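First comes the structure, then the notes that go with it.
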Amino acid sequence: MTSSFSPRLAIIGGGPAGLMAAEIACAAGIHVDLYDATGSVGRKFLLAGKGGLNLTHAEPPAHFLERYGARQTEIGRWLAAFDAQALRAWARGLGVETFVGSSGRVFPIDMKAAPLLRRWVRRLRESGVEFHMHHRWLGWQAHDALHFASPQGERAVPADTVVLALGGASWPQLGSDGAWVAPLARAGIDMAPLQPANCGFELAWSEHLRDRFAGAPLKPVVAHWVDRRGVAHRRQGEFVLSEYGIEGSLVYALGAELREQIAERGEALLLLDLVPGYTQPILAERLATPRGKHSIGDWLRRRAGLDAAKCALVFELVDKPTLADPAALAGQLKALPLRLRAPRPVAEAISTAGGVRLEALDEHMMLRDRPGVFCAGEMLDWEAPTGGYLLTACCASGLLAGRGAVRWLQR
């Protein structure tokens, strides 16, 4: 990297991780230039908050950390520096108070993302951050100059150090298109392939179910599955029937395991308990009562409490002989098999897994093979379900990358 009397930090990417790194560096007296390929920062942040900005989650720290799966050890170190409570305190510092919803999710009082982002960007501008929009990073040129495509043509920009916070590859129309993979690959950076996370999964629905019940919620249900180590699990929640299969919070929470099972076996099997309020023997007894002139659908509603969407799913997946046998039908209602064929494409996912492997970084978020270059946010190889976990860890990683860049510049 070039050096100068007044060190300059280049941050590439204007999502939460990049903005947090900028805030940390500015507070340390470092001059920050922030570059983004789009015309404004925080676009994905704004869209994610369209139905209510879920900042973080209020569950106990141990349970919170479990949401990061195989990467919880590494991300535990991030959260030790900036956890859910720290994120709420940070929002309060911007004048944005938060509350805990009934599900444990944490939201701004007004539920909106735009006021928080406006205050954040204003504070960064007042602190001296220079924003350079419509600058797409293309990699490095000679002497480690940053190579950008800009409205004025291609530019070479020297920088004393760099924080890359380039997002994943989901929602590419908002700027997170994964274009950074190629220049990092050319630089020899160790990366895991990008994959969809927090996405729907495909099943072969009939035209009737697609036309009549796409968008219908299924709740409450309990999913049972066996992981790749042979360990049985169960989880209660809800999800939504879609044209292509299933999506929603329960599906997202299991997404990593489902995706890996499909990669290994060609499909993933979920057993769905549609009536968690009844044991199988009691359910069988209720269904065995003579139904008289009632249709089987009406009988399922009356005796098992199934709504129209759950009934449609039963008729889709259960054969006629089983529908006529109360004991066998009870067994299917308690363990209805869903055979998932594929995750939806990365571009449709809420977030991505894969990216720069955490093993390629040192404890300060710096690339071991590229001294002076730090990485943060969704472009790193980790994932988490929706519920505030993604945003919390992105901010925490940005904070650490900002601290690492300051340390490097002040060394």
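Taking L164 as meeting all but one of (1) modelled with pLDDT of 95 or more; (2) within 22 Å of S397 (Cβ to Cβ); (3) in contact with a helix residue (DSSP H, G or I) (Cβ under 8 Å, 6 or more places away or on another chain); (4) surrounded by fewer than 22 Cβ atoms within 10 Å (Cβ to Cβ), write down the number of the exception.
Of everything listed in (1) modelled with pLDDT of 95 or more; (2) within 22 Å of S397 (Cβ to Cβ); (3) in contact with a helix residue (DSSP H, G or I) (Cβ under 8 Å, 6 or more places away or on another chain); (4) surrounded by fewer than 22 Cβ atoms within 10 Å (Cβ to Cβ), L164 misses just condition (4).
Please go through the stretch 58-73 and give me each residue that is buried (at least 19 other Cβ atoms within 10 Å of the Cβ) and among the acidic types (D, E), ordered by number.
Result: E59, single match.
Can you tell me which condition G255 does not meet? The list is (1) closer than 23 Å to R301 by Cβ; (2) touching a Cys at 6+ places or on another chain (Cβ under 7 Å), and all the others hold.
(1)
Could you tell me which of the residues R259, R303 is buried (at least 16 other Cβ atoms within 10 Å of the Cβ), outside any loop (DSSP other than H, G, I, E, B), out of contact with any Lys or Arg (no Cβ under 6 Å at 6 or more places or on another chain) and not hydrophobic (A, V, I, L, M, F, W, C)?
Values: R303 fails: out of contact with any Lys or Arg (no Cβ under 6 Å at 6 or more places or on another chain).
R259 is the lone residue from the list that is buried (at least 16 other Cβ atoms within 10 Å of the Cβ), outside any loop (DSSP other than H, G, I, E, B), out of contact with any Lys or Arg (no Cβ under 6 Å at 6 or more places or on another chain) and not hydrophobic (A, V, I, L, M, F, W, C).
Does the stretch 41-62 contain at least one residue that is of a type in the set (V, I, T), within 30 Å of D144 (Cβ to Cβ), assigned to a loop (DSSP other than H, G, I, E, B) and touching a residue at least 60 places away in the same chain (Cβ under 8 Å)? Before the answer, list the steps.
To start, the set of residues in the stretch 41-62 that are of a type in the set (V, I, T) comprises 41, 56.
Going one step further and asking which of them are within 30 Å of D144 (Cβ to Cβ), we end up with 41.
From what is left, the residues that are assigned to a loop (DSSP other than H, G, I, E, B) are 41.
Those still in the list that are touching a residue at least 60 places away in the same chain (Cβ under 8 Å) too: 41.
Yes, the stretch 41-62 contains at least one residue that is of a type in the set (V, I, T), within 30 Å of D144 (Cβ to Cβ), assigned to a loop (DSSP other than H, G, I, E, B) and touching a residue at least 60 places away in the same chain (Cβ under 8 Å).
With the structure loaded, tell me whether H233 is under 20 Å from L306 (Cα atoms) and either at pLDDT 95 or above or not hydroxyl-bearing (S, T, Y) (or both) or whether it fails that test.
Working: under 20 Å from L306 (Cα atoms): no; either at pLDDT 95 or above or not hydroxyl-bearing (S, T, Y) (or both): yes.
The answer is no for H233.
Can you confirm whether S242 is assigned by TED's automatic domain parsing to the domain that holds L313 and over 20 Å from A349 (Cα atoms)? First the steps, then the outcome.
Working: assigned by TED's automatic domain parsing to the domain that holds L313: yes; over 20 Å from A349 (Cα atoms): no.
Spelling it out, it is not the case that S242 is assigned by TED's automatic domain parsing to the domain that holds L313 and over 20 Å from A349 (Cα atoms).
Can you go through L361, L400 and tell me which one is free of Cβ contacts under 8 Å to residues at least 24 places away in the same chain, crowded, with 23+ Cβ neighbours inside 10 Å and either within 23 Å of the chain's Cα centre (by Cα) or outside the structural domain of L117 (by TED's automatic domain parsing) (or both)?
Details: L400 fails: free of Cβ contacts under 8 Å to residues at least 24 places away in the same chain.
Exactly one of L361, L400 is free of Cβ contacts under 8 Å to residues at least 24 places away in the same chain, crowded, with 23+ Cβ neighbours inside 10 Å and either within 23 Å of the chain's Cα centre (by Cα) or outside the structural domain of L117 (by TED's automatic domain parsing) (or both), namely L361.
So how many residues does the stretch 225-237 have that are of a type outside the set (A, V, I, L, M, F, W, C) and touching a helix residue (DSSP H, G or I) at 6+ places or on another chain (Cβ under 9 Å)? Reasoning before the result, please.
Going residue by residue through the stretch 225-237, those that are of a type outside the set (A, V, I, L, M, F, W, C) are 227-230, 233-237.
Checking the rest, the ones that are also touching a helix residue (DSSP H, G or I) at 6+ places or on another chain (Cβ under 9 Å) come to 227-228, 233, 235-237.
Looking only at that region, the number is 6.
The values are calculated or read from the model by the stated rules, or taken from the named source; none is laboratory data. Since this is a predicted model, take the numbers as computed values, not measurements. When we count neighbours, we look across all protein chains shown, and the Cβ atoms used for this are built from the backbone with ideal geometry, even at glycine.
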